[in-house]
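The values are calculated or read from the model by the stated rules, or taken from the named source; none is laboratory data. Model, not experiment: these values are computed from the prediction. Here the Cβ positions follow ideal geometry from the backbone for every residue, glycine too, while neighbour counts run over all protein chains shown.
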Amino acid sequence: MQLAGKVAIITGASSGIGRAAATLFARHGANLVLTARREVELEQLTADIAAAGQGQAVAVAGDITDTALVRELVDVAVACFGGLDIAFNNAGTLGELAAVPELSLEGWQHTLHTNLTSAFLCAQAQIPALLARGGGSLIFTSTFVGHSVGMPGMAAYAASKAGLVGLVQVIAAEQGSRGIRANALLPGGTDTPMGRSAMNSPEARAHVEGLHALKRLARPQEIAEAALFLASQASSFMTGTAMVVDGGVSVVRG
């Protein structure tokens with residue numbers, strides 16, 4: 001029960017890493033405000049958490065690029081559970097996949113807005129609520145793409161996710177003395193619906209698996225465990241980091 005009595009927001013919670021984190025955080029005693037665009041899947045998740053009898057969860061469906069939604073998530077955390085201690089800003093998109101000369105400006109802007117600007121907006125809304133509780137933990141899902149490996153066709157995705165590392169470093173420097181920790185989580189290839197959409201053939205999946213020292217993809221639960229570590233007091237002296245959970249991508253060179 002590493003998060004007993006804590007209140008957490010998780011974005012992108014309806015599937016993949018977000019769903020695994022919601023289930024795990026609830027099992028460790030957290031009260032959750034969950035958001036994603038897919039309302040049916042989100043409601044099913046909250047029902048599953050309630051049925052398990054561990055933690056409580058409230059669903060707020062919507063698009064994370066909507067500033068009003070970002071603020072609503074914090075308001076719901078305060079109204080339903082009394083405050084906010086943790087935010088796992090996990091929602092994101094692969095966006096338009098194309099080589100740089102063919103990548104549209106609209107595709108570039110949409111990906112950066114979804115992956116980076118929305119994270120900035122979330123942090124803006126969440127930091128005052130965390131300060132009201134004496135501090136807390138902010139976690140942002142980045143990736144190994146654009147950090148350890150450049151993958152063709154993923155310029156917008158890589159740039160937006162790499163930008164999260166810079167955002168985290170500044171938040172850590174600004175807010176550390178006030179009790180707020182901020183860290184980026186950098187998963188390797190993970191067996192999620194979004195991950196599978198980028199590995200849309202057996203050959204593509206085998207290639208990505210081969211990039212890893214472990215020669216396999218991560219399970220969403222494995223990345224959720226890393227998020228739990230960053231959310232909990234087990235990581236109390238960690239802030240401003242790009243924490244790699246990549247199955248060894250960063251050490252494999254062929």
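Would you pick out the residues in segment 61-83 that are farther than 20 Å from T117 by Cα and in contact (Cβ under 8 Å) with a residue 12 or more places away in the chain?
V76, A77, V78, C80, F81, G82, G83
Criterion first (more than 22 Å from D63 (Cβ to Cβ) and either crowded, with 24+ Cβ neighbours inside 10 Å or in contact (Cβ under 8 Å) with a residue 60 or more places away in the chain (or both)) does L130 satisfy it?
In short, yes.
Just to be sure I understand, how many residues within segment 214-247 are assigned to a loop (DSSP other than H, G, I, E, B), surrounded by 13 or more Cβ atoms within 10 Å (Cβ to Cβ) and either at pLDDT below 90 or on the phi < 0 side of the Ramachandran plot (or both)?
Count: 9.
Can you name the residue in segment 65-90 that is over 25 Å from G179 (Cβ atoms) and touching a helix residue (DSSP H, G or I) at 6+ places or on another chain (Cβ under 8 Å) and, of all such residues, is surrounded by the fewest Cβ atoms within 10 Å (Cβ to Cβ)?
Taking the candidates together, the pick is T67.
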